[in-house]
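The values are calculated or read from the model by the stated rules, or taken from the named source; none is laboratory data. Please read all numbers here as calculations on a predicted model, not as lab measurements. Virtual Cβ from ideal backbone geometry, glycine too; neighbours counted across all protein chains shown.
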Amino acid sequence: MTAPHQYRICAADPAAHLFEVSVTVAEPDPAGQMFAVAAWVPGSYLIRDLARHVVGIKASSEGAEVELTKADKRMWQAAPCAAPLTLTAEIHAYDPSVRGAHLDTTHGFFDGAVVFPAVIGQEDVECQVEIVPPPESGGSAWRVATSMTPLKAGPYEFGTYTVRDYAELIDHPVEMGDIHIGEFEVAGTPHAIAVNGHRRFDMARVCHDLAQLCEKQINFLGKPKDLDRYLFLLAVKENGYGGLEHRWSSALICSRKDLPRRGVSEVSDDYRKFLGLCSHEYFHLWNVKRIRPARFTPYELSAESYTGLLWVFEGITSYYDDLFLARSGLITEQSFLELLGRTITRVLRTPGRFRQSVEESSFNAWIKLYKPDSNSSNSMISYYSKGSLVALALDMTIRRETAGKHTLDDVMKACWARFGETGEGMPERGLESVARQVTGLELADFFERFVRGTSDLPLQGLLRTVGVNMVLRASSGSKDLGGKAAKEDSSPSTWMGATLVSNGNACRFANVLAGSPAELAGIAPGDEAVAIDGLRLSTENMDSRLRDHHAGDAVTITVFRDHHLMRHRVTLASPPDDTCVLSIGEDADRDAEVQRKSWLG
């Protein structure tokens, strides 16, 4: 039996943002052991070339240096040696995202794929990891939060942890620092949330609400056999948002305003956003971490892994994340419908939905979604938002065509039994096949039109079958996200089809929509806005400036482009009806009400 690989990671120099990482291999390859750093992080589909963070690397055996040759941008080969071999690397860690590594004098965080080199050919060997604190002056009060199994470490203490193999090693992010811990239990399983960056919030309420949410999800698909603990790792920033899923944990970022204040009982929009983030990452316990595309079984971290199924794993998860807030009673039905209306609004405001299907969006994630540019809204659609609406439409279609006998819930439960509990991996048409088998419906036309095609989803009619009315109206301005009725005193502005963003002391046009008045007049992304009809134009006053005009009016927009002053004559148009408002229909029949109660739980 091969001895475990001995990893060690030390917060060596927080001020310089340097982790020191080593791995000792008991039985190195006699031909010369190869080591590699991942090219991408599971769950974030972009080649990130993580080896670029390595600023120093060496190898040794029994105290003597071993020659180390770089084989390519992410791989090194040590000279042959018979004794145990140690590879030591310095990793620069100043990426504050959930998919990177970050170290300073206040805390440390890392995703294992960023800091731990793989021992090529021995990835299935057990790994033991010693996590070492920074020098005493910088980390005397620091604690550690990770979902790794302790070997020689107390709760939230530095020490040695163990994992089954390399795949599991990089699936346990680590937070260290002055951490605020909240603990709760769900279905007999210990859960915790470890918070860095904020303490003045209602931790008891957060734990109570997360327990309620997690229990509802566990009751839905059942507790995974290997789920014996779960940890939310939360970094709180002044402004921030994001999450990345793992098998026993999730790494999250939120803004300080997103967490509830003590003594406040209502669910604010900001707290609802935080709960939705937690719900999304927790649902990934099943959908993508255990039910995975066959092409991710196992992960190939040296290059892109293409699949057309990301709309299933991110889109369906995005559908269920807010739905479970309603089903668990954390938000009202109308609050859920507001969130759903906002998603519909985002999709309707994206012309790229007619150019790219959600299957294509999934396949091209490596070059599209994670590399947005000024034309993205015209050329692509997000498999998150459009995928969630495909899931909604599929759910409503199944409910309607089977008179409520079957739902998307049944399809997901069958996918869990077939692909999740077995670890088989979902083939590219796997969800479609399971849906047909479970419901008895011939759904080929649905998948051709809405998954592989670019047709708009017939949501208005489908939602009516569950007693929900869908109304489209014009936007009332740049801050109108949809989901709510327009205020009576906010008459719709005229429309030019371009957005302004502040960039230091300048305001620049960002997205210029295809076929819009702005595009037809020649305004381009990056143009610095100066004035409209001689009056200063900015992000703060753009809406009010446009309200001074009527559809059909021609205005002069003055801009700087590469220091050249340019004037564009723009003929303003009426704003399109692309803003969605959903409401419970007062005239819904009994069958529709029954279906809605079944849907929303």
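Just checking, does region 429-437 include any residue being in a loop (DSSP other than H, G, I, E, B), in the same structural domain as VAL347 (by TED's automatic domain parsing), at pLDDT 95 or above and surrounded by 15 or more Cβ atoms within 10 Å (Cβ to Cβ)?
No: zero hits.
Which numbered condition in (1) in contact with a Gly (Cβ under 9 Å, 6 or more places away or on another chain); (2) assigned to a helix (DSSP H, G or I) is the only one that SER250 fails?
It is condition (2) that SER250 fails.
Name every residue in region 109-147 that is free of Cβ contacts under 8 Å to residues at least 40 places away in the same chain and either assigned to a strand (DSSP E or B) or within 15 Å of ALA89 (Cβ to Cβ) (or both), in order of residue number.
ARG143, VAL144
Condition check: out of contact with any His (no Cβ under 8 Å at 6 or more places or on another chain), over 26 Å from ALA303 (Cα atoms), loosely packed, with under 15 Cβ neighbours inside 10 Å and of a type outside the set (Ser, Thr, Tyr). Does ALA64 satisfy that?
yes
Are any of the residues in region 357-369 surrounded by 24 or more Cβ atoms within 10 Å (Cβ to Cβ), assigned to a helix (DSSP H, G or I) and in contact (Cβ under 8 Å) with a residue 60 or more places away in the chain?
yes
Can you name the condition, by its number, that GLU126 falls short on among (1) touching an Asp or Glu at 6+ places or on another chain (Cβ under 8 Å); (2) surrounded by 21 or more Cβ atoms within 10 Å (Cβ to Cβ); (3) closer than 24 Å to ARG164 by Cβ?
The failed condition is (2).
I need a count of the residues in region 106-135 that are modelled with pLDDT under 95 and in contact with a helix residue (DSSP H, G or I) (Cβ under 6 Å, 6 or more places away or on another chain).
2
Considering only residues that are in a loop (DSSP other than H, G, I, E, B) and of a type in the set (Gly, Ala, Ser), look in region 148-168 and name the one that is surrounded by the most Cβ atoms within 10 Å (Cβ to Cβ).
ALA153
Listed residues ALA510, ALA518, ALA524; which is closer than 26 Å to ARG355 by Cα, in the same structural domain as ILE557 (by TED's automatic domain parsing) and in a strand (DSSP E or B)?
Just one listed residue meets the conditions, ALA510.
Of (1) assigned by TED's automatic domain parsing to the domain that holds LEU394; (2) under 24 Å from SER361 (Cβ atoms), LEU244 satisfies all except one. Which?
LEU244 satisfies all of (1) assigned by TED's automatic domain parsing to the domain that holds LEU394; (2) under 24 Å from SER361 (Cβ atoms) except (1).
Can you tell me which residue within region 414-473, out of those that are under 28 Å from the mean Cα position of the chain (by Cα) and among the polar types (S, T, N, Q), is farthest from PHE336 (Cα to Cα)?
THR422
Return yes when GLY138 is within 30 Å of ALA31 (Cβ to Cβ) and at pLDDT below 95 and no when it is not.
no
If you scan region 545-594, which residues turn out to be within 30 Å of PHE336 (Cβ to Cβ), of a type outside the set (Asp, Glu) and touching a Lys or Arg at 6+ places or on another chain (Cβ under 8 Å)?
THR579, CYS580, VAL581, ILE584, GLY585, ALA588, ALA592
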